[in-house]
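The values are calculated or read from the model by the stated rules, or taken from the named source; none is laboratory data. Not measured: the values here are computed from a predicted model. Cβ: placed from backbone, ideal geometry, glycine included. Neighbour counts: every protein chain shown. Surface accessibility is based on the protein's heavy atoms, side chains included, excluding ligands, DNA and RNA. Shrake-Rupley method; radii C 1.70, N 1.55, O 1.52, S 1.80 Å.
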Amino acid sequence: EPEVTQTPSHQVTQMGQEVILRCVPISNHLYFYWYRQILGQKVEFLVSFYNNEISEKSEIFDDQFSVERPDGSNFTLKIRSTKLEDSAMYFCASRGLLRGQPQHFGDGTRLSIL
Amino acid sequence: DAKTTQPNSMESNEEEPVHLPCNHSTISGTDYIHWYRQLPSQGPEYVIHGLTSNVNNRMASLAIAEDRKSSTLILHRATLRDAAVYYCILRGIYNFNKFYFGSGTKLNVKP
């Protein structure tokens, strides 16, 4: 069964550094998402992306965040100047075009900011 | 998307059926009911979804009340691997954007 893959599984970065989290969505999917989950808290929506542009973003997704689909297979989340509070699990998800279809999630990247 | 209400936690014995309830009294006619689960240290995993009729798949069954104000996720024989947080999420048919994850139901399965 096709799946969403995320790399790396764990990223350790110094505060203030830039980090790029990578995702390979399911190949025929057209909608892409990033979510995050701070340890012990709920899964929170960050951004959705369709047709090479952001379709919705949350308050968390401020100017330090950006997303990109640099080629036909990858979907990336960049955090420009990381803060301690960015430490969390980051999940990528994708879904197909038909209405009502579910989102499929990757297993996440654990981001640790030191 | 309308709000859902789930119990904080439930417990089950291994190899017994589990019925996980969800209330969604403000559901609209175009809201799909989605169920996801999250095992420890993993991403949310799609379980099942439906609109009006009951649904079955290899993982579970979804029973939807006739008035659609509630639904029940049924795991026919719980295994230890089914211990997870289960989320009931409503999603408008025309909403291609975010899922809102509440607190879900933490299911504990006893051997």
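Here is the list for region B:77-111: chymotrypsin sites (Phe, Trp or Tyr not before Pro) lying in DSSP coil, each with at most 16 other C-beta atoms within 10 angstrom of its C-beta, are B:Tyr94, B:Tyr100. Volume per residue of the convex hull around the Cα atoms, evaluated for chain A, comes out as 106 Å³.
Each principal axis of the Cα atoms in region B:2-59 has its own extent, and those three values, largest first, are 36, 25, 25 angstrom. Residue ranking by accessible heavy-atom surface, 1.4 Å probe, largest first, among B:Ser41, B:Ser53 comes out as B:Ser41, B:Ser53. Cross-link pairs exceeding 28 Å between alpha carbons, from the set A:Lys83/B:Lys106; A:Lys78/B:Lys98; A:Lys42/A:Lys78; A:Lys42/A:Lys83: A:Lys83/B:Lys106. Peptide packing: for B:69-77, A:15-23, B:32-40, A:85-93, the average count of neighbouring Cβ atoms within 10 Å per residue gives the ranking A:85-93, B:32-40, B:69-77, A:15-23, highest mean first. Surface listing: A:Lys78, B:Lys106 arranged by accessible area from highest to lowest gives B:Lys106, A:Lys78, probe 1.4 Å.
Only Cα sites of region A:55-114 enter the Debye sum here, all with the same form factor; the resulting log10 I(q)/I(0) across q = 0.12, 0.16, 0.22 1/Å is -0.37, -0.65, -1.13, listed in q order. Estimated from the Cβ-Cβ distance and a Förster radius of 25 angstrom, the FRET efficiency linking A:Glu68 and A:Gln17 is about 0.85.
Counting Cα-Cα pairs of the protein assembly as shown in 5 Å increments starting at 0 gives whole-percent bin shares of 1, 7, 14, 18, 18, 16, 12, 8, 4, 1, 0. Largest first, the extents of the alpha carbon coordinates of region B:11-111 on the three principal axes equal 41, 29, 22 Å. Accessible area per residue (1.4 Å probe, heavy atoms of protein chains only) ranks A:Ser73, A:Ser58 as A:Ser73, A:Ser58, with the largest value leading.
Hey, with R₀ at 30 Å, roughly what FRET efficiency would B:Lys69 and A:Leu39 work out to, going by the Cβ-Cβ distance, to 0.05? The formula returns an efficiency of 0.30 here. Taking 0.36 nm per residue of separation and subtracting the current Cα-Cα distance, fully stretching the chain between B:Tyr94 and B:Lys110 would add 1.8 nm.
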